[in-house]
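Student: One structure is given below, represented as structure tokens, and several questions about it will come after.
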Amino acid sequence: MHAVQTWAHGHNATGGGPIIRRCPNRCRASGSGKILRQDVLRKENSKVITGVRKVIVPVGDQQAALRFWTETIGFNLVRDDAYGDERWIEVKSPGQDLLLVLSLRGPDEPRRDVPDQLPHSDLFFGCTDIERTYEELMERGVHFPLPPARQPFGWWSLFEDIDGTRYALSQWENRQHSRPARPAQRR
């Protein structure tokens with residue numbers, strides 16, 4: 001390991017100044033002969049992308065989709081604005097920040113063709129008790145082409161919206177997944 005000196009304001013006891021950090025093997029030598037860590041080259045605490053806020057959900061009928069996601073599934077309406085001949089509709093799961101934008105599917109946007117045991121959508125919904133969620137949504141009229149089943153990673157099922165688009169519903173196991181060690185590389 002190499003020592004790397006960086007300058008920080010307000011991060012040490014004196015209110016700013018040089019901070020010596022240990023540099024792991026990811027160090028590289030610059031043209032000036034100094035050794036720099038790649039992440040030190042970026043500003044301290046800078047954030048460019050801070051998260052995912054909205055996901056487009058293509059639908060065949062926005063009003064019917066709005067009823068499905070709010071009245072049947074139980075999401076909250078965040079926005080329903082008209083602009084020209086179109087609508088911008090956002091819904092979200094209670095207690096979550098991610099918004100689903102219910103966007104009218106264009107005639108050239110067919111649902112992707114996948115095997116019956118897979119979802120059409122890339123959205124995976126989660127719950128804390130999949131069997132209870134399954135029973136409650138079935139009572140509300142939601143169709144489940146694949147009821148809950150235990151898998152190596154947790155519980156998995158598929159439900160359909162009013163257009164027949166399949167979504168994954170899962171209850172993940174609360175355990176840390178470790179990556180297998182990489183084999184040593186020969187030089």
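The values are calculated or read from the model by the stated rules, or taken from the named source; none is laboratory data. In this text, all values refer to a predicted model and were calculated from it rather than measured experimentally. FYI the Cβ positions are ideal-geometry reconstructions off the backbone, even for glycines, and counts take in every protein chain you see.
Student: Considering only the stretch 61-87, state which residues are in a helix (DSSP H, G or I) and over 13 Å from Val142 (Cα atoms).
Tutor: From the stretch 61-87, those in a helix (DSSP H, G or I) are 62-72; that's our starting set.
Within the stretch 61-87, Gln62, Gln63, Ala64, Leu66 qualify.
Student: Further question on the same structure: Among the candidates Gly164, Gly154, single out the residue that is at pLDDT below 95 and surrounded by 12 or more Cβ atoms within 10 Å (Cβ to Cβ). Write out each step before concluding.
Tutor: Numbers: Gly164 fails: surrounded by 12 or more Cβ atoms within 10 Å (Cβ to Cβ).
Answer to the check: Gly154.
Student: Could you tell me which of the residues Phe144, Phe159 is modelled with pLDDT of 95 or more, within 20 Å of the chain's Cα centre (by Cα) and aromatic (Phe, Trp, Tyr)?
Tutor: Phe159
Student: Hey, does the stretch 25-46 have a residue that's part of a loop (DSSP other than H, G, I, E, B), on the phi > 0 side of the Ramachandran plot and modelled with pLDDT under 90?
Tutor: Yes, because at least one residue in the stretch 25-46 is part of a loop (DSSP other than H, G, I, E, B), on the phi > 0 side of the Ramachandran plot and modelled with pLDDT under 90.
Student: Taking Leu102, is it aliphatic (A, V, I, L, M), in the same structural domain as Asp61 (by TED's automatic domain parsing) and within 23 Å of Trp88 (Cα to Cα)? Steps first, please.
Tutor: Working: aliphatic (A, V, I, L, M): yes; in the same structural domain as Asp61 (by TED's automatic domain parsing): yes; within 23 Å of Trp88 (Cα to Cα): yes.
Taking the combined requirement at face value, the residue satisfies it.
Student: What tally of residues in the stretch 131-160 results from selecting those that are under 19 Å from Pro115 (Cβ atoms) and assigned to a strand (DSSP E or B)?
Tutor: Count: 13.
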